[in-house]
Amino acid sequence: MKSSQQRGAVRPQARGTDRSLARRAELIAIGRKLFADTSYDTLSMDDIARHAQVAKGLIYYYFKSKRGYYLAIVEDSVADLVTSAAAGLDLPPVERVHRTIDRYLRYAEQNQAAYRTIVSGGVGFDAQVHAIRDGVREAIVTTIAEGAYGRRDIAALVRTGLLGWVCGVEGVTLDWIDRPVLPRDTMCDLLAKTLGGTLRAIEELDPAYPAPPPARRPI
């Protein structure tokens, strides 16, 4: 059995770990806003440190490089979006689809800088960031497939149809957060109806994937 001194020796390290995680999360939150408006190549580590009001070495300590910092920011944003959109596993299939759309729009509305970074890769082009974005698309396609068909393994035609809908949602959502002339509830209904059209088109081409019956948007 460990002595009380031995047990106590672990506690400062645990507190240090908590502080480190909190500091890392704070730097990522700062970076989300920073890289949303400025290209990766334009910002130097000195610029980042100045905006974050920290020593440059602290960023190297947590992320190893500017590249590591940028990718950590994108991946953190992606995790938030996918987790938010995939909530509601206990709901009936049709309601889950509606909930996924609503959560997706809420995330974009409340985290506009992060959403722009995920969808467009920030300012400029970054192949690795775009690969992460493609992973998000696949995750949303899987979530919709589970909600609509109760399964993750879907035929190529189904995946292509759902992916086309997701890509359309990205463009519409970017426009909506820039010009929010429609209420979120209206946007949710509109996107749900366009998804219904996609699902019916899939059913027509492949009857093995029947479209779920339409349902009212859950409150």
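With a cap of 12 neighbouring Cβ atoms within 10 Å, and only residues DSSP puts in a loop, list the trypsin sites (Lys or Arg not before Pro) found in segment 132-219.
Counting only loop positions with at most 12 other Cβ atoms within 10 Å, the trypsin sites (Lys or Arg not before Pro) in segment 132-219 are R151, R152, R216.
Near K66, which aspartates and glutamates are there with a Cα under 19 Å away, not counting those fewer than 8 places off in the same chain?
Correct list for K66: E26, D37, D41, D46, D47, E75, D76, D126.
For segment 33-67, which trypsin sites (Lys or Arg not before Pro) are both in a DSSP coil and crowded by at most 14 other Cβ atoms within 10 Å?
K64
When Lys and Arg each count +1 and Asp and Glu each count -1, what net charge do the other residues less than 12 Å away from M45, Cβ to Cβ, add up to?
+3
Readers should treat all values here as calculations from the given coordinates under stated rules, not as data from a laboratory. Bear in mind that the values here come from a model prediction, so they are computed numbers and not experimental data. A quick note on method: Cβ atoms are made from the backbone with ideal geometry, for glycine too, and the neighbour counts reach across all protein chains shown.
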